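The values are calculated or read from the model by the stated rules, or taken from the named source; none is laboratory data. Just so we're clear, the structure is a prediction, and the values are computed from it rather than from any experiment. For neighbour counting, all protein chains shown are included, and Cβ atoms are generated from backbone atoms with ideal geometry for every residue, glycine included. For accessibility, only protein heavy atoms count, side chains too; no ligands or nucleic acids. Shrake-Rupley method; radii C 1.70, N 1.55, O 1.52, S 1.80 Å.
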Amino acid sequence: MTEVEGFYIDGRWAPPSTAKTRTVVCPWSEAPIGRAPLAADGDVDRAVGAARRAFDIGPWPRMSPAERGAILRKMAASIERQADPLADLLTLEVGTTLVSNRLTSLAAARLLIYYAEMAEAAGVEKVRQGWRGAVTVRKEPSGVVAAIAPWNAPVFLLMLKVAPALAAGCCVVAKPAEETPLSARFIASAAEAAGLPPGVLNIVPADREAGEYLVRHAGVDKVSFTGSTAAGRKIGAICGEHLKRMNLELGGKSAAIVLEDADVAKVVPSVIHNGLAANNGQACVAMTRILLPRSRYGEFVDAITAGVGALKVGDPREEDTVLGPLISETQRARVESYIAAGKAAGARITIGGARPKSLAKGWFVEPTVFVDADNGMKISREEIFGPVTVIIPYEREEEAVSIANDSPYGLGGAVFTEDHARAFMVARSVRTGTFGVNQFGLDFGAPFGGMKASGIGREMGEEGFEAFLEPKTIFAVEGGR
Ligand code: NAD
C-alpha cells in the first residue's frame with residue numbers, strides 16, 4: 001500500500017484539514033493499493049495562499065530564467081532517478097501498461113529541461129522599434145496557476161502544465177484527479193529534492209467540488225485544465241465571469257481518413273495503436289472514427305479486425321500487453337452502455353463487444369470494432385473513452401473530409417494515402433489542432449490542442465510556454481509626454 005499522509009503545501013507535507021480520503025483500487029487486480037487524503041476547501045485556501053505569497057513576495061518570479069532553470073534541472077534529475085518506481089505506481093494506479101508508463105515518466109522529466117532551456121533562450125525583456133520610438137516588451141509570468149489534470153495520464157499531463165508554468169516564473173497549485181491521488185507525490189518529492197522555494201508548487205489531489213472551489217478562488221490568476229468537455233465548459237464559464245486566463249484541453253472524436261490508394265500495412269497498426277488501443281482506450285487524441293472508401297471497405301475491415309484480434313489484453317505489467325483495463329468499474333459500465341447503444345442503432349460488431357472471458361478480475365472490456373456505422377450515431381458523435389472504434393464507409397474524398405469535420409470536436413486525426421499532395425490538401429481541410437499523415441503521434445516540441453469543443457489554447461512547444469506569460473510594454477520615449 002502506498003500511503004500519502006498529507007498535501008505538499010508551502011514546501012512541506014501538511015496534514016489534511018478534514019478526514020476526506022480516497023482508497024485507490026488497482027483496476028486490474030481489484031486490490032486496494034493506496035490511500036491518500038483529498039483536499040477540502042480549507043486545504044485549497046492554504047495551497048493558494050502559499051502560492052500567492054511565493055508569487056507576490058518572491059523570489060521565484062523575479063529570479064532569472066537561468067536560476068530557475070538550475071532548480072528545474074534538479075527536479076528533472078530526481079524524477080528521472082525515480083522513473084521506475086513511478087512507472088510501477090502508475091501501472092497500479094491507472095492500469096496503463098508499464099512500457100508506456102516508463103516512457104511518460106521519462107518524458108515528464110524531459111519536459112522540465114525542455115522548458116528550462118526555452119525560458120533561458122527566450123529571455124524576459126526585448127527592445128523593439130515601436131511607432132514612437134524604442135519600446136521594451138517584457139514577458140511576465142501570468143501569476144498563480146491552478147493546474148488541473150485528469151486521471152488517464154496523471155503525471156505527464158500535469159507536467160505539461162507545471163513545467164512551462166514554473167519555467168515562466170508562475171507559482172502553481174496542482175490538482176490531480178481524485179481517481180489518481182498517489183502518483184503526483186513523485187513530483188512533490190522532486191520539488192523538495194531540488195530545493196524549489198516554498199509555495200512555488202503545491203499539490204492537492206481533490207474531487208470535482210474542491211476543484212471548482214480552486215477555479216473560483218480569488219487568489220488564482222490562470223486556470224490550465226485538461227479533462228472532459230463538460231467540465232471545461234463549466235470552468236470556462238467561471239473563468240469568463242472572473243476574467244481569469246484559461247487553457248482548456250478537452251475531449252475528442254478524431255477521424256482517420258483512409259484514401260483509396262492507402263497502404264494497408266501503414267493504416268492498420270496506426271489506427272489500432274493510435275486509436276482504440278491508445279492508453280487502454282482512454283486517450284483524448286485517439287482516432288476512434290475510421291473512414292474507409294467503399295471501394296476497399298471489405299479488405300480494410302478484415303485487416304483491422306484481424307489486427308485487433310491479435311492484441312494482447314491483460315496484465316499491464318507484462319511487456320507484450322497492449323491493452324490493460326479501464327480505470328474503474330464506473331468507466332467500464334459507461335463504455336458498455338456505448339457498446340449497447342451502437343448495437344441498438346444498427347452498427348455491427350466484427351470483434352469484441354464483451355468482457356474478456358479469460359480474465360477473472362479487473363475492469364477489462366474487449367477491444368471492439370463497429371462497422372457499417374454512420375456519423376449520426378451516438379457512438380460516432382460522443383467520446384467513449386474506451387477501446388471501441390467506429391468504422392464509417394464513404395464514397396468520395398470530399399465526403400470523407402466533411403464526415404471528419406462533422407463533429408463537435410476538433411482535436412486530432414490523420415489521413416492515409418501514398419499521395420503527399422493529396423495528404424496535405426486533406427490535412428489543411430480538417431478542422432483539428434493536430435493532424436497526421438500516414439501516422440498519428442504527438443510531438444512535444446509542437447503545439448497541441450483543440451478546435452471547437454476540444455478546447456481553447458495550446459500546450460507543448462513554444463505555445464505551451466507562452467501560455468503562462470503576459471506581455472507588458474514599457475515606453476520610455478525621449479522627451480515624450
Ligand atoms: P473530468 O473533466 O471529469 O476531470 C478532469 C479533472 O478535472 C479532474 O481532476 C477533476 O477532478 C477536475 N474537475 C472536474 N470537474 C471540475 C470542475 N467543475 N471544476 C474544477 N475541476 C473539475 O474528466 P475525466 O473523466 O477525469 O478525464 C477524461 C477526460 O479528459 C476525457 O474527456 C478526455 O478526452 C479528456 N482529456 C483531454 C486531454 C487533452 O489534452 N485534450 C488529455 C487527456 C484527457
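Which value, in debye to the nearest 20, describes the size of the charge dipole of the range 322-481 about its Cα centre when Lys and Arg Cβ atoms bear +1, Asp and Glu Cβ atoms bear -1, and nothing else is charged? Before the final figure, lay out the partial values.
Details: 17 positive and 21 negative charges, 132 e Å.
Computed about the Cα centre, the dipole is about 640 debye.
Starting from the eigenvalues of the Cα gyration tensor, five times each then square-rooted, give me the equivalent ellipsoid semi-axes of the range 215-272, largest first, whole Å.
Numbers: eigenvalues 317, 18, 14 Å².
Semi-axis lengths for the range 215-272 are 40, 10, 8 Å.
Can you give the accessible area of residue 203 in Å² (nearest 10), computed on protein heavy atoms with a 1.4 Å probe?
Near enough 10 Å² of accessible area.
If you place +1 on the Cβ of every Lys and Arg, -1 on the Cβ of every Asp and Glu, and leave all else neutral, what size is the dipole of the chain about its Cα centre, to the nearest 20 Debye?
On the way: 53 positive and 56 negative charges, 228 e Å.
So the dipole magnitude of the chain works out to roughly 1100 debye.
In percent, what relative contact order does the chain have, based on Cα pairs under 8 Å that are 6 or more apart in sequence?
Working: 1136 pairs, mean separation 83.7, N = 481.
Once normalised by length, the contact order is 17 percent.
Using the Cα centre as the reference, give the magnitude of the dipole from point charges on the C-beta atoms of the range 1-139 (Lys, Arg: +1; Asp, Glu: -1; all else neutral), rounded to the nearest 20 debye. Could the numbers behind the result be given before it?
On the way: 19 positive and 16 negative charges, 168 e Å.
Dipole about the Cα centre, nearest 20: 800 debye.
Keeping every protein chain present and rolling a 1.4 Å probe, give me the accessible area per residue for the chain in Å². Walk me through the numbers on the way to the answer.
On the way: 19100 Å² over 481 residues.
Solvent-accessible surface per residue comes out at 40 Å².
Give me the percent of accessible area attributable to carbon and sulfur for the range 1-75, probe 1.4 angstrom. Present the calculation step by step, with values, prior to reporting the outcome.
Values: 1860 of 3400 Å².
It is 55 percent, rounded to a whole number.
Show the residues, 5+ positions off or on another chain, whose built amide H is closer than 5 Å to the amide H of residue 14.
Residues meeting the amide H criterion: 7, 8, 9.
Got a sec to turn the phi values of the range 16-26 into Karplus ³J(HN,Hα) couplings, 6.51 cos²θ - 1.76 cosθ + 1.60 with θ = phi - 60°, whole Hz, x for Gly and Pro?
x, 8, 9, 8, 4, 9, 10, 8, 8, 10, 5
Quick one: which residues, 5 or more positions from residue 2 or on another chain, have an amide H under 5 Å from its amide H? H modelled 1.01 Å from N in the peptide plane, none for Pro or chain starts.
Hits under the 5 Å cutoff: 34, 35.
Taking the inverse of the average 1/r across all pairs of different Cα atoms in the chain, what Kirkwood radius in Å do you get? The partial results should precede the final answer.
Numbers: mean 1/r = 0.0430 Å⁻¹.
Taking the inverse mean of 1/r over all distinct Cα pairs, the chain comes out at 23.2 Å.
Of 186, 259, 206, whose Cα points farthest to the positive end of the dipole of the chain (charges on the beta-carbon: +1 Lys, Arg; -1 Asp, Glu; origin at the Cα centre)?
206
What accessible surface, in Å², does a 1.4 Å probe find on residue 317, ignoring ligands, DNA and RNA and rounding to the nearest 10?
Counting only protein heavy atoms, residue 317 exposes about 130 Å² to solvent.
Kindly express, to the nearest 10 degrees and within the range 0 to 90, the angle between helix 420-429's C-alpha long axis and the longest C-alpha principal axis of the chain.
Helix 420-429 and the main axis of the chain meet at about 70 degrees.
Take peptides 189-195, 57-63 and line them up by average Cβ neighbours within 10 Å, highest first, as a rough protection proxy.
By packing density, highest mean first, the sequence is 189-195, 57-63.
For residue 312 and residue 345, what does the FRET efficiency come to when R0 = 45 Å and r is the distance between their Cβ atoms, rounded to the nearest 0.05? Don't jump to the answer; show the numbers that get you there.
Values: r = 30 Å, r/R0 = 0.66.
For R0 = 45 Å, the calculated efficiency reads 0.90.
Placing +1 on the Cβ of each Lys and Arg and -1 on the Cβ of each Asp and Glu in the chain, which of 303, 197, 27 has its Cα farthest towards the positive end of the resulting dipole?
Of the options given, the answer is 197.
For the pair residue 140 and residue 35, what calculated FRET efficiency results from E = 1/(1 + (r/R0)^6), where r is the Cβ-Cβ distance and R0 = 45 Å, to the nearest 0.05? Show your work: numbers first, answer last.
Values: r = 40 Å, r/R0 = 0.90.
The computed FRET efficiency comes out at 0.65.
Please list 250-257, 324-331, 180-187 highest first by mean number of surrounding beta-carbon atoms within 10 Å per residue.
Details: 250-257: 27.6, 324-331: 21.8, 180-187: 25.9.
For the peptides 250-257, 324-331, 180-187, the packing ranking is 250-257, 180-187, 324-331.
List the residues, sorted by chain then number, that are 5 or more residues from residue 140 or on another chain and whose placed amide H is less than 5 Å from its amide H.
The answer is 470, 472.
What is the spin-label model distance, in nm, from residue 422 to residue 294 if the labels are put 7 Å beyond Cα along the C-beta direction?
A separation of 1.7 nm, rounded to one decimal place.
What is the percent carbon and sulfur in the accessible area of the range 340-473, measuring with a 1.4 Å probe over the protein chains and ignoring ligands?
Numbers: 3030 of 5840 Å².
Carbon with sulfur: 52 percent of the solvent-accessible area.
Can you find, among 137, 115, 151, the residue farthest towards the positive end of the dipole of the range 94-153? Put +1 on the C-beta of Lys and Arg, -1 on that of Asp and Glu.
137
Convert each backbone phi in the range 458-473 into a coupling constant with the Karplus relation 6.51 cos²θ - 1.76 cosθ + 1.60 (shift: θ = phi - 60°), then list the ³J(HN,Hα) values in order as whole Hz, x for Gly and Pro.
For the range 458-473, the Karplus-derived couplings read 9, 10, 6, x, 4, 4, x, 7, 4, 4, 10, 10, 10, x, 10, 9 Hz, x marking Gly and Pro.
Quick one: ranking 363, 131 by accessible area, 1.4 Å probe, largest first, what do you get? Each step should come with its number before you reach the end.
Values: 363 25, 131 265 Å².
Result, largest first: 131, 363.
For the Cα atoms of the chain, what angle does the longest principal axis make with the long axis of helix 297-309, in degrees from 0 to 90, nearest 10?
Computed tilt is about 60 degrees.
Using only protein heavy atoms and a 1.4 Å probe, report how much of residue 361 is accessible, in Å² to the nearest 10.
Roll a 1.4 Å probe over it and residue 361 shows about 120 Å².
Per residue of the range 375-392, in order, report the coupling 6.51 cos²θ - 1.76 cosθ + 1.60 (Karplus, θ = phi - 60°) as ³J(HN,Hα) in whole Hz, putting x for Gly and Pro.
6, x, 5, 3, 5, 8, 9, 9, 6, 7, 6, x, x, 10, 10, 10, 9, 10
Please give, to one decimal in nm, the separation of the simple spin-label points placed at residue 242 and residue 328, each 7 Å out from Cα toward the Cβ.
2.5 nm
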